[in-house]
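Beneath this line is the structure, given in structure tokens, with notes to follow.
The values are calculated or read from the model by the stated rules, or taken from the named source; none is laboratory data. All of these numbers come straight from a predicted model, not from anything done at the bench. Note that each Cβ is placed from the backbone with ideal geometry, even for glycine, and that neighbours are counted across all protein chains shown. Keep in mind that these areas ignore ligands, DNA and RNA; they rest on the heavy atoms of the full protein, side chains included. Shrake-Rupley method; radii C 1.70, N 1.55, O 1.52, S 1.80 Å.
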Amino acid sequence: MTTLEKIGAAPSRLGATALYDWDHLVQEDRVHRLIYTDPAIFEAEMTHVFGGTWTYLAHESEIPNENDFITRRLGLRPLIIVRDMNGTVRALYNRCTHRGTTLCRWDKGNTRSFQCPYHGWNFLNTGKLRGVPWPEGYAADLRDAKYNLAQVPRVESYRGFIFATLNMDALPLIEHLGPIAPVIDEWLDRNPGGKVVVCEANRFKYKGNWKLAYDNSCDGYHVAYSHRSLLETENRMAGDNAKGMAYYRDSPDTLAMYMRYTGNGNHYKDKRPNLEKRPGGLWALEAAQPGMESYEADFIRRYGRDRAFALLDLAGSEPVNINVFPNFSLLGNHIQVFEPISVGETNAIWYGTMVVDETGELGDAVTDINALRMRTQEAFPNFGEVDDVANFEQVQRGLMAVEDEWVYMHRGLGIPGRVKTLADGTITAPATDEAFMREHVKEWKRLMKSRLNLAIRREP
Ligand code: FES
Ligand SMILES: [Fe+2]
């Protein structure tokens, strides 16, 4: 048994009553600038969204062994994500129960216990208070559960992706993911053993609201314009529209790619139908990277053409964007995570991934594939993400014009037959439609309006 503490009435400026008329701020075709600029709305989001729904924390490969830990956040709550001494993955509040200081100051490590740097209270990695210096100075019984670290009450993984929520009424993670889970499966299953391992990250920080990144995560409308210099660089020495996302340039909505909204704020953009399915199909799309030709020639020499191209595809970027509201995207071979810092500041982190070869099916190719994979994964964050964060910062700046109140996301709305609701309730539309955004802001509004059954827990 664990101890649950209800935080349904967590103090925030939202309080028990509505701060705003949410139906006014989020309409069918537009949203109000305040949802990106108001500090009180941001504060409420940190509980109603980053707390009220399943939020991505980390990948299990970042804490593979018992006693491994990393530090992350859930909204603004500092957390220690740990695989404890018994192998259980926990999300401990990185906050000493004595006077509240940050308990663990390291990004990652391996330990059975955490000693507070302030007065030396010591906690097991299960969250239990293990001991304090000079305990004879306390009349209180320090075995009381209230001195154990707070933890996120619900932590679940889907195929290595660790999510957490404070919401005791949230659906089990697998049901919450619903129709997006098989798309995540496809993303994983093209890799040997259906696995990836997370390696280091490209870290961006931009001066804009976190939702600007999520609003862009499935946006196929901006690509040809915002990423023009990238597309031109990639295609300078290639045939017409042959590399990267150049297929967005001519008439993207007549191509086979599409967007799909799968519920609960989640959506994906599937660009795979644009490509020829053949060994080397993905590899052919990759723009020139340092060393590419020599690796390719070497692979053909070592493995023959078909096998070489099948192997090289493992270094090619998977052309899907899979987005789980509010903070998680799989793009190409990256895991991208959005971390709110303040109403106008966000971290956008691109974790690279490697393939693993547990069954030996890749033989001596695995190191070379991962070396190449690093090259291909350097490309978009460095040459594409910079375009996106520039947009986010310029939107935030534009939204400082207080009298001009509305942001429109009505592309595709009201055109008969363009946006389709399928039998399973998912919604599909052409690649440049903003249907995905209209749907995820509805989920945002639902969470902001809800009285949620939130709790933290402590070891007994
Ligand atoms: S704040 Fe942690 S021991 Fe005092
Ligand atoms: Fe972009």
task: Test Gly51 against the stated conditions and say whether it is among the small types (Gly, Ala, Ser), in contact with a Pro (Cβ under 9 Å, 6 or more places away or on another chain) and away from ligand 2 (no atom under 16 Å from the Cβ).
output: no
task: Report, ordered by the first and then the second residue, all pairs with beta carbons closer than 9 Å, sequence separation of six or more or different chains, a first member in the range 208-231 that is free of Cβ contacts under 8 Å to residues at least 12 places away in the same chain, and a second member that is of a type in the set (Asp, Glu) and within 10 Å of ligand 2 (Cβ to nearest atom).
output: Arg228/Asp387
query: For the subset of the range 116-149 comprising residues that are of a type in the set (Phe, Trp, Tyr) and either open to solvent by 70 Å² or more (accessible area, probe 1.4 Å) or within 16 Å of ligand 2 (Cβ to nearest atom) (or both), which member is farthest from Leu103 (Cα to Cα)?
result: Tyr138
task: Select from the range 389-414 the residues that are farther than 17 Å from Met437 by Cα, of a type in the set (D, E, K, R) and within 16 Å of ligand 2 (Cβ to nearest atom) and list them in ascending order.
output: Glu393
task: Take Leu399 and decide whether it is out of contact with any Phe, Trp or Tyr (no Cβ under 9 Å at 6 or more places or on another chain), buried (at least 16 other Cβ atoms within 10 Å of the Cβ) and over 30 Å from Glu286 (Cβ atoms).
output: no
- line: Subset of the range 98-112, residues open to solvent by 30 Å² or more (accessible area, probe 1.4 Å), without any contact (Cβ under 8 Å) to a residue 40 or more places away in the chain and more than 7 Å from ligand 1 (Cβ to nearest atom), comes to Thr102, Arg105, Trp106, Asp107
message: Just to be sure before I move on: is Asn370 within 16 Å of ligand 2 (Cβ to nearest atom) and among the polar types (S, T, N, Q) in the structure I sent?
response: no
So Ile162, is it over 12 Å from Leu57 (Cβ atoms), of a type in the set (Val, Ile, Thr) and out of contact with any Phe, Trp or Tyr (no Cβ under 6 Å at 6 or more places or on another chain): no
query: Assuming Tyr248 fulfils every condition listed in (1) away from ligand 2 (no atom under 16 Å from the Cβ); (2) open to solvent by less than 30 Å² (accessible area, probe 1.4 Å); (3) not polar (S, T, N, Q) apart from one, which condition is it?
result: (1)
message: Just the residues that are open to solvent by 60 Å² or more (accessible area, probe 1.4 Å) and under 15 Å from Phe309 (Cα atoms), please, taken from the range 251-294.
response: Glu276, Lys277, Arg278, Pro279, Glu293, Ser294
- request: Could you figure out which of (1) in contact with a helix residue (DSSP H, G or I) (Cβ under 6 Å, 6 or more places away or on another chain); (2) open to solvent by less than 50 Å² (accessible area, probe 1.4 Å); (3) among the hydrophobic types (A, V, I, L, M, F, W, C) isn't true of Val441?
  value: (1)
task: Considering every residue within the range 316-334, establish whether at least one is in contact (Cβ under 8 Å) with a residue 60 or more places away in the chain, surrounded by fewer than 17 Cβ atoms within 10 Å (Cβ to Cβ) and of a type in the set (A, V, I, L, M, F, W, C).
output: no
message: Quick check on my filter: what residues within the range 176-223 are open to solvent by 20 Å² or more (accessible area, probe 1.4 Å) and within 14 Å of ligand 2 (Cβ to nearest atom)?
response: Phe204, Asn216, Asp219, Tyr221, His222
- prompt: Within the set of pairs 6+ apart or on separate chains, which have a first residue in the range 156-184 that is under 18 Å from Gly425 (Cβ atoms), a second that is among the hydroxyl-bearing types (Ser, Thr, Tyr) and open to solvent by less than 10 Å² (accessible area, probe 1.4 Å), and C-beta atoms under 7 Å apart?
  reply: Pro179/Thr426
